[in-house]
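Right, one structure below, let's go through it.
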Amino acid sequence: MKKLLLIIIMMALGWGLKAQCPLTTAVDFTATDVHGTEVHLFDILDGGQYVLLDFFFVNCGPCQQATPKVVESYYTMGCNMHDVFYIEISDRDSDAACQNWVNNYGVEYPTISGPAGGSSISSQYHINAFPTVILIAPDRSIVIQDLWPINNAQSVVTALTNQGLQPHDCNASYDAQVSITIDQVQETEITATFTPNEDCATYYYLVATAAEVEGWLSSTGLDLAQVTQQYGMPAEDEITQTFMGLEPNTEHLVCAAPVDPDGNFGEVAQESVITTNGGGDDIMPDFTGTDIDGNEINLYSILDNGQAVLINFFLYGDPFSEDIMNDVVEAYHQYGCNEHDVFFMEISPNGHDDECQTWIELFKVQYPTISRDGGGNDIAQAIPVGLYPTLMLIRPDHTFAVRDIYPPTLQYIIDAMEDQGYEQYTCYDETLTFNMNAINVDPLEVAWITVFNNTSEEANVTSVRDEYGLLFTLDGQTMYGSNEPFEFTIPQGESIELGLYLDEIAKETIPDVITISSNLPDASFVAMVNAPESVEENTASITLFPNPANESVTLTGINIGTVSVFNALGQKVENFVTEGNVLTINTAKYENGVYFIKTNNGITTRFVVKH
């Protein structure tokens, strides 16, 4: 009888032998709390917050002990405004009883009474003991099935931070903001996108002439935020809006006034925009496509970086599109290979990746090619493009310089460039050539050539082998000679080693053994052959002593010119300009190691510093 009485007392107090939720996945519910606010579980989870559910009833002794600690942790974790959202659920108590409970314990988070849905929710989650506190992740998995014991508020905070949730200050100030993106400007229309941040509960937006805004400010005595609220339109989420019926060739202000959850205005976002006077066709719409090498190409990113863009819209297999390719490729080279005033690209609405790959190999295209697979057809339709080929030249301010260069010949392309003031530049091509006079090596011996990459990025290098069929070793991999070029990569600031094998016949007949070249704009390579005396071409015009050097090293030769010193990683250490025949370099500050000297006359040699 005493044992039965003890069990009854324990059940009345809320204790149970299995005080945890047996579920591992959340069950959705919608209920109204004691303040009349509707609470939808999955909406909160889908918003990215965790949800802490505290199951209780008002006469539960352990619940009465735990609730003040849960409430304290609620404040520590940011008052439902950050990583975690608190809800408490009674399985049996009335709204009045729960309201009294909320007042007694200072509960500010939603409390759902039994009749309002608490009973059914507790049943759905198979809650048989109280309190039971569970934590649900945004993916709807129940990551804590019973947070117990709750000795203090820190017990709750520690359990939550162990799940990766962070404490936050409930009193932290809001920073409501709205960003404005101008998508398109035409003669009588402006299209803009308004994007609020997390602290922005609502915002107001408008477009008006600068004179209109100035008049409203003067006549009402309101500030810009209040004027935007009074004369603008309200919104809460990101929207894209086209404002029509505007005055052509007139300055307009696009404004957005953000409001935080406490009703306070944030800083008003403003963009000054001048409508066009060209009938609506002046602005090239933005686009993003993927070229056949997998690179994302965004038009406005290139334009906003200060380059004009020339686009060749072509049809794969179309003879008219093919006829102009030599001129377009030649123009690409005359205007600096996309490194200067103008960026070239081409777009095909019908050619797939494999077909466009054949196209670029046929015409030796080195600029981006966007195929139908990369979005070419969508781009052509959005502009729209009606005839092929069409060459468009777009200025950095997003306006058309020429909507269609016709006829699309080299001279007409040059004329269009000159009209805009775009200059021609030579594509940079750094080449190192080793020939039979440069490399002395005994028959059946391998000459090792170390090539250092001093460019600002990874260099893709083409090495051309002679038709006589020599043997090369690249990073330990032997490749037998043929008349086909092979490509390799030298990471920035690093080096590769080439092993070169020559026989007597090859040494007598081959003028160019190996050529290393790159068209990077700042391409610069330093090469070292395995022994200084084997590079006759590189040592015939200068002498260097002492070697090894301690305090200094001296170069002598005729008209030495510009001298650059590189370390063993290919990094430039110093640069000298001399008009004489002698140059002394102070090496006392150099660290011990191998260094390379390269002159503007193509002379390359090395020396060692040893202190």
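Of everything in the stretch 124-149 that is modelled with pLDDT of 95 or more and among the small types (Gly, Ala, Ser), the residue that is surrounded by the most Cβ atoms within 10 Å (Cβ to Cβ) is ALA137. Kindly indicate whether ASN171 is assigned by TED's automatic domain parsing to the domain that holds LEU23 and either surrounded by fewer than 17 Cβ atoms within 10 Å (Cβ to Cβ) or closer than 12 Å to VAL254 by Cα (or both). In short, no. Take ALA269 and tell me if it is of a type in the set (Gly, Ala, Ser), buried (at least 19 other Cβ atoms within 10 Å of the Cβ) and out of contact with any Cys (no Cβ under 8 Å at 6 or more places or on another chain). So ALA269 does not fit the description; no. When you check GLY351 against the structure, is it farther than 18 Å from ILE283 by Cβ, surrounded by 20 or more Cβ atoms within 10 Å (Cβ to Cβ), within 23 Å of the chain's Cα centre (by Cα) and touching a residue at least 24 places away in the same chain (Cβ under 8 Å), yes or no? Answer is no for this residue.
Of all residues in the stretch 106-119, those satisfying the criterion of being surrounded by 17 or more Cβ atoms within 10 Å (Cβ to Cβ) and part of a helix (DSSP H, G or I) are GLY114, ALA116, GLY117, GLY118, SER119.
Annotation note: Cβ proximity below 7 Å between a residue of the stretch 115-128 that is touching a residue at least 40 places away in the same chain (Cβ under 8 Å) and a residue that is surrounded by 22 or more Cβ atoms within 10 Å (Cβ to Cβ) and of a type in the set (Ser, Thr, Tyr) (sequence gap 6+ or interchain) occurs for GLY118/SER90. Taking the listed residues LEU253, LEU246, the one that is closer than 30 Å to ALA401 by Cβ, touching a helix residue (DSSP H, G or I) at 6+ places or on another chain (Cβ under 9 Å) and not β-branched (Val, Ile, Thr) is LEU253, with no other qualifying. When THR220, THR240 are checked against the criterion of being surrounded by fewer than 20 Cβ atoms within 10 Å (Cβ to Cβ) and over 16 Å from VAL178 (Cα atoms), THR220 stands alone in meeting it.
A quick yes/no check of all residues on (1) among the polar types (S, T, N, Q); (2) in contact with a helix residue (DSSP H, G or I) (Cβ under 9 Å, 6 or more places away or on another chain); (3) assigned to a helix (DSSP H, G or I):
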| position | (1), (2), (3) |
| --- | --- |
| ILE297 | no, no, no |
| LEU310 | no, yes, no |
| GLU346 | no, yes, no |
| GLY351 | no, yes, no |
| ASP354 | no, no, yes |
| GLU361 | no, no, yes |
| ASP378 | no, no, yes |
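Just name the residue that is nearest to ASN80 (Cα to Cα) out of those in the stretch 97-125 that are of a type in the set (A, V, I, L, M) and in contact with a Ser or Thr (Cβ under 9 Å, 6 or more places away or on another chain). Even if it seems obvious, please write down each step before you answer.
As a first pass, look at the stretch 97-125 and keep what is of a type in the set (A, V, I, L, M): 97, 102, 107, 112, 116, 121.
So of that shortlist, the ones also in contact with a Ser or Thr (Cβ under 9 Å, 6 or more places away or on another chain) come out as 97, 102, 107, 112, 116.
Working: ALA97: 23, VAL102: 16, VAL107: 12, ILE112: 16, ALA116: 21 Å.
My answer is VAL107.
Which numbered condition in (1) in contact (Cβ under 8 Å) with a residue 40 or more places away in the chain; (2) buried (at least 21 other Cβ atoms within 10 Å of the Cβ) is the only one that GLU72 fails? Of (1) in contact (Cβ under 8 Å) with a residue 40 or more places away in the chain; (2) buried (at least 21 other Cβ atoms within 10 Å of the Cβ), only one is false for GLU72: (2).
When the stretch 569-600 is limited to residues that are buried (at least 16 other Cβ atoms within 10 Å of the Cβ) and modelled with pLDDT under 80, the one that is farthest from the chain's Cα centre (by Cα) turns out to be THR599.
The values are calculated or read from the model by the stated rules, or taken from the named source; none is laboratory data. From a predicted model like this one, the values you see are computed outputs, not experimental measurements. Glycine also receives a Cβ, built like all others from the backbone with ideal geometry; neighbour counts cover every protein chain displayed.
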